[in-house]
Each structure stands twice: as structure tokens, then as C-alpha cells.
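J.: Just passing along the structure, written as C-alpha cells.
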Amino acid sequence: MRTTLPVAFFCILLLLLPAACGGSGPASSPPASATAAPPATSLPAAPTATPLPPTMAPAPTAAPLSTAVPTPTLLPLQASTVLDAIAAAMAAAGSWQVEGQLGVKETPDADGAVLITSISAAHSAKGDSMLVTTSQVTLGLIQGGAAAESRVVGGTRFRRDPNTGEWSELPAAQARPSLTVDAGVVGRIDAGTARVEVTMLDGERVYHVTGTVPGEAAAETAEVWAATLGFRLRRIALQGTAPVENFGGLLPSLSGDLSQRVEAVYSAFGAPIDVRAPSPEPAPAESSLGPMARYRSPLFPFTMAYPAEWRQEPRVAITAVSFIGPGNSLLSVGEELLPLPTSIDDEPSLDAYVLLVLRHLEETVDGFELVSVTPRLVGDRGREARVIELTGEDGSLRWARLVYVHDGLVGFSATYGAAAEQFDGLREMIELSFLSFEAEG
């Protein structure tokens with residue numbers, strides 16, 4: 001049996017981002033119904049007739065400037081010294097991205113998880129944060145999914161209802177600070193009992209600190225891995241328990257405390273991340289093709305018009321979102337940080353990035369055929385962009401993709417896709433949408 005799960009449940013992330021969900025108490029949403037049995041979960045899915053190519057191309061790989069890798073001078077293996085150095089390095093970095101997973105079991109020794117939550121998050125130098133989570137429950141015959149998005153900006157926490165799209169807000173002070181997204185666990189591990197070793201993680205030499213967070217049942221064991229060169233976090237893992245009430249009605253047939261483990265991986269240190277508070281949706285702007293709403297990036301200075309009648313799907317990642325249009329048409333917007341130079345053989349970074357996007361599409365789109373790559377000047381400031389048009393599935397599907405690089409640091413893509421017979425009828429609207437793209441600042 002499958003069931004649609006409640007949306008207000010992300011207090012389950014007790015030690016991930018409690019500031020975004022209202023503390024560690026039970027969520028106020030009604031419990032999940034065990035009788036509903038829709039054929040699919042509530043997680044958004046692209047229409048099968050118009051699969052989009054992957055939203056973003058991988059970050060380019062630059063040749064190393066030097067083959068010599070500096071050998072860091074190791075700190076004394078004292079937990080307090082190492083933890084202080086990690087905390088200082090993270091404070092200096094200011095911003096970062098986090099990808100992780102929360103797994104929940106009935107008991108520590110249970111064979112499988114009853115709840116798995118994927119985590120996509122960002123932390124800005126201002127101390128603001130954004131969290132997007134998607135969860136899948138498998139509890140006997142009950143299966144279902146749910147997604148949630150929340151932000152903490154300037155002392156206020158915002159949460160988007162994925163069913164209505166409306167935002168609610170409360171003072172962030174009502175919730176405890178995050179331990180992982182904000183890296184707060186580093187300062188709360190009991191240094192007096194923690195152990196430190198130097199080991200290897202993904203081919204890199206790291207400090208591995210193992211300890212506990214006093215007073216936090218969900219962090220009975222806390223592990224931190226940080227680079228010996230620079231002391232920045234690489235990974236955090238928290239193991240412990242949480243009462244079933246913390247899971248907001250997702251697990252209605254269970255009781256007592258459940259075993260949980262959170263693992264979070266850190267990257268993009270010092271990136272130009274600026275978490276933005278949700279703004280009230282303005283009235284759609286009239287155009288020659290009908291009302292147009294406006295997409296606004298939650299992390300970067302990007303906006304773009306799109307048809308107001310197209311429905312936004314709940315986010316499943318902080319840097320990607322989809323909109324469903326008439327029939328099987330689809331708009332997918334994605335952004336990615338470019339940590340390495342995008343110049344290839346001294347080409348302009350935009351052209352180099354387009355080449356990388358094309359290589360990625362050729363490798364991932366079944367029946368890929370490039371139709372054209374066209375220069376565009378978009379927005380009021382005439383910013384330089386490219387529009388890639390391609391077909392797939394033996395010509396039965398067609399896409400147009402706007403590609404832009406901001407300050408050599410952030411890549412932006414907006415992709416419209418539809419069945420070939422429908423696509424020509426969307427061309428004028430797609431062109432209007434692409435020309436409306438703006439990069440503020």
C-alpha cells in the first residue's frame with residue numbers, strides 16, 4: 001500500500017536544521033493516513049513523455065597548477081586543539097553546501113530503514129541557511145514520499161507548504177541552532193572524552209574526531225572528519241535515537257524511540273551563496289502571450305519570467321526546480337557553483353561552459369542530436385548567454401536550454417522541453433522567457 005505523507009514533518013531532522021522546522025517537538029500536522037493508496041508517492045516526477053536532460057553539467061576539471069602537494073604540519077592529537085582549529089576554519093570559510101542523508105530504523109540492528117531522507121542544504125556567510133529534503137517511507141505495506149523546503153534568513157525561519165506553495169514564518173530563535181548545516185556540532189562535542197586520529201578519507205589526509213554531544217540523544221556518537229590541510233570539514237556523522245513523535249506522523253504505527261543516523265558531506269567553501277527570504281508573489285505581468293510569473297533564485301541573483309499557469313513542483317534540491325506546463329511540457333531551472341576555472345585553451349568562460357554542457361548532454365540524452373547553439377543578449381543589461389536546442393529519442397522530444405555564467409562562478413540553465421509536435425507552439429513563449437532573464441548586481 002502506498003500513502004501520501006504529511007508535509008509538515010521536518011522536525012525529524014533534530015540535529016540537522018531544527019531552526020527551519022520549529023524545534024524538536026512533535027510536528028503539528030495530522031498523522032499519515034494508512035488507508036489512502038495512490039499509485040505513486042507525492043514526490044514530484046517529470047512527465048514520462050518529456051524527460052528533460054540532466055539540469056546541470058558537471059563542474060569542469062582544470063589541470064593542476066603544480067604536482068607538489070603541501071604536507072601540513074599536524075596538530076597535536078588533542079581533541080580540544082583539533083576541534084578549535086576546525087571551528088576557526090569553518091568560521092573563516094563563511095559559506096558552504098551540504099549534501100547528506102538521514103536514515104531511521106526501528107532498532108539499531110534492524111535490517112532496513114523505515115525512513116530515508118535525502119538532504120540538500122546551503123549555509124551563507126551571513127549565517128543564513130536553506131534546506132531541502134525528500135523522504136521515502138517503507139513501513140510494512142505502507143510506502144510513500146514527501147518533500148519540504150525551508151530557509152532561515154535574518155532571524156526568521158520560513159517554510160514552504162509543497163501542496164499550496166504558500167510560505168509560513170516564525171522567529172528562528174524559537175528553534176535550536178543546527179548541528180550539521182551550520183556545523184555547530186564541532187563546538188558541542190565533549191572534547192574531554194573525544195578521540196582523535198589521522199586517517200584517509202576519499203584519498204585525502206584528514207583528522208577524524210569521535211565523541212558525543214552531551215544532552216543530545218540523537219548524537220550519542222558524533223564523528224567529524226576535517227582536512228589536515230586547512231582544517232575544513234569534509235564530513236559529519238551523528239548516531240543516536242529520537243522519539244517517534246519527532247517524525248511528524250510519518251511513522252504512525254511505531255512508538256517509543258527510534259534509531260537514527262545522519263551523514264553530511266561539505267563542499268563549496270567560501271562560495272557566493274546569499275540565501276534569500278521568500279518574497280510575496282507579485283501579480284503576474286501581462287504579456288503578448290498571456291500572464292507571466294517570475295522565478296527568483298533562492299541563492300543567487302537570477303530571475304526569469306515563465307508562464308503563470310505553469311505549476312511549480314516542490315523542490316528536491318536547493319539548486320534545481322521544475323515547472324509543469326500544458327500537456328507534457330516542462331521547464332527545469334538549475335544553478336551550480338563553478339569552483340574551478342571555466343576557461344579551456346583561453347576560450348571565454350561562457351563558451352567553455354557551453355562545451356562542457358554539450359559533452360554532458362551527448363553522454364546522457366538518448367538519441368542526442370544538436371540542432372543549434374545561438375548567442376543571445378538577455379535582460380535589460382544585455383548579458384551574454386547561449387541557447388542550445390537539441391532533440392532526443394529519435395527526434396520525438398525537443399528541448400531549448402538557456403545557458404549563462406555569472407562572474408565565472410555560477411552556472412545557470414533554464415530548459416524547456418516538450419514533445420516535438422508541441423514544441424513549435426511554445427517557441428515564441430520560450431524566447432520571451434529567455435529574453436527576460438536577469439542577473440542582478
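The values are calculated or read from the model by the stated rules, or taken from the named source; none is laboratory data. All values derive from a computational prediction rather than experimental measurement. Cβ coordinates were reconstructed from backbone atoms using ideal geometry, including for glycine residues, and neighbour counts include every protein chain displayed.
J.: In this structure, is Ala173 at pLDDT 90 or above, in contact with a helix residue (DSSP H, G or I) (Cβ under 9 Å, 6 or more places away or on another chain) and in the same structural domain as Ile86 (by TED's automatic domain parsing)?
T.: no
J.: Filter the range 406-431 for residues that are farther than 14 Å from Trp310 by Cα and of a type in the set (Gly, Ala, Ser) and give the result.
T.: Gly408, Gly411, Ser413, Ala414, Ala419, Ala420, Gly425, listed by residue number.
J.: Residue check: is Phe300 in contact (Cβ under 8 Å) with a residue 60 or more places away in the chain, of a type in the set (Phe, Trp, Tyr) and crowded, with 18+ Cβ neighbours inside 10 Å?
T.: On the way: in contact (Cβ under 8 Å) with a residue 60 or more places away in the chain: yes; of a type in the set (Phe, Trp, Tyr): yes; crowded, with 18+ Cβ neighbours inside 10 Å: yes.
Answer is yes for this residue.
J.: Output the strands (runs of 3 or more DSSP E) that fall wholly within the range 375-441 and possess 1 or more residues being surrounded by fewer than 17 Cβ atoms within 10 Å (Cβ to Cβ) and assigned by TED's automatic domain parsing to the domain that holds Ile324, or say none.
T.: In the range 375-441, 383-392, 410-419 are the strands (runs of 3 or more DSSP E) which contain 1 or more residues that are surrounded by fewer than 17 Cβ atoms within 10 Å (Cβ to Cβ) and assigned by TED's automatic domain parsing to the domain that holds Ile324.
J.: Go through (1) among the aliphatic types (A, V, I, L, M); (2) under 18 Å from Ala88 (Cβ atoms); (3) surrounded by 18 or more Cβ atoms within 10 Å (Cβ to Cβ) one by one and return the number of the condition Leu229 breaks.
T.: In the conditions (1) among the aliphatic types (A, V, I, L, M); (2) under 18 Å from Ala88 (Cβ atoms); (3) surrounded by 18 or more Cβ atoms within 10 Å (Cβ to Cβ), Leu229 misses (3) alone.
J.: Next question, about the same structure. Pick out the one residue from Val198, Val137, Val185 that is surrounded by fewer than 16 Cβ atoms within 10 Å (Cβ to Cβ), in contact with a strand residue (DSSP E or B) (Cβ under 8 Å, 6 or more places away or on another chain) and modelled with pLDDT of 90 or more.
T.: On the way: Val137 fails: surrounded by fewer than 16 Cβ atoms within 10 Å (Cβ to Cβ); Val185 fails: surrounded by fewer than 16 Cβ atoms within 10 Å (Cβ to Cβ).
One residue alone meets the criteria, Val198.
J.: Another one. Taking the condition of being of a type in the set (Val, Ile, Thr) and either part of a strand (DSSP E or B) or in contact with a Lys or Arg (Cβ under 7 Å, 6 or more places away or on another chain) (or both), how many residues in the range 347-374 meet it?
T.: Within the range 347-374, residues that are of a type in the set (Val, Ile, Thr) and either part of a strand (DSSP E or B) or in contact with a Lys or Arg (Cβ under 7 Å, 6 or more places away or on another chain) (or both) number 4.
J.: For the range 77-134: of the residues being free of Cβ contacts under 8 Å to residues at least 40 places away in the same chain and touching a Gly at 6+ places or on another chain (Cβ under 7 Å), which is nearest to Ala320 (Cα to Cα)?
T.: Ile116
J.: Within the range 183-201, is there a residue that is assigned to a helix (DSSP H, G or I), of a type in the set (Val, Ile, Thr), assigned by TED's automatic domain parsing to the domain that holds Gly94 and at negative phi?
T.: Within the range 183-201, one or more residues are assigned to a helix (DSSP H, G or I), of a type in the set (Val, Ile, Thr), assigned by TED's automatic domain parsing to the domain that holds Gly94 and at negative phi.
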